[in-house]
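The values are calculated or read from the model by the stated rules, or taken from the named source; none is laboratory data. Worth saying up front: this structure is predicted, and the values here are computed from it rather than measured. In this analysis, Cβ positions are derived from the backbone assuming ideal geometry, glycine residues included, and neighbour counts consider all displayed protein chains. SASA here: full protein model, heavy atoms, side chains in, ligands and nucleic acids out. Shrake-Rupley method; radii C 1.70, N 1.55, O 1.52, S 1.80 Å.
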Amino acid sequence: MHRAAIAAVTTVAGVVALLSLKPHAAPAALAPAPPAGDPPPAVAPGPDPTGTFTGKSIDTPFGPVQVEVTLDQGKITGVRALRTPAGDPRTEAIAAQSIPQLTQEVLRAQSVHVDAVSGASYTSQGYLDSLQSALDQAGG
């Protein structure tokens with residue numbers, strides 16, 4: 001009985017010690033997404049922009065990605081890919097599948113804060129970076 005009590009106390013002390021440890025901060029690339037709630041605005045606050053804005057061309061390992069965004073009073077009404085990765089059939093097929101998915105998600109979310117398309121990480125990141133630069137241009 002005495003050994004069981006010692007084992008229980010030791011186990012509880014070990015669990016308390018583990019729970020008191022602070023976790024390491026996640027690296028920036030692996031940081032969790034922002035908490036759910038109101039999504040961040042697609043453009044900077046101020047007058048609601050209207051028009052078409054062209055994002056920067058973003059180089060990826062498979063080729064450049066560039067988009068233009070159309071806004072109507074600050075609302076994203078369209079995104080068009082001006083440049084997509086190309087050069088071989090597989091790269092072109094990945095772009096042909098991922099670009100429409102990204103466009104659909106951006107229109108739904110009204111934001112660049114959408115998930116990358118599985119299997120198209122570089123294309124997704126290039127698309128979203130170009131879109132953000134277009135939105136920055138619209139907001140400022």
Residue selected from region 95-116 under the condition of a type in the set (A, V, I, L, M) and surrounded by fewer than 19 Cβ atoms within 10 Å (Cβ to Cβ), by the criterion farthest from Pro49 (Cα to Cα): Ala96
Pick from region 72-84, criterion surrounded by 15 or more Cβ atoms within 10 Å (Cβ to Cβ) and at pLDDT 95 or above, ranking: nearest to Phe62 (Cα to Cα): Thr84
Pairs where the first residue, in region 63-92, is in a loop (DSSP other than H, G, I, E, B) and the second is aromatic (Phe, Trp, Tyr), C-beta under 9 Å, 6+ apart: Thr84/Tyr127; Pro85/Phe62; Pro85/Tyr122; Ala86/Phe62; Gly87/Phe62; Asp88/Phe62
Some residue of region 118-140 being open to solvent by 60 Å² or more (accessible area, probe 1.4 Å), of a type outside the set (Ser, Thr, Tyr), outside any helix (DSSP H, G or I) and out of contact with any Lys or Arg (no Cβ under 6 Å at 6 or more places or on another chain): yes
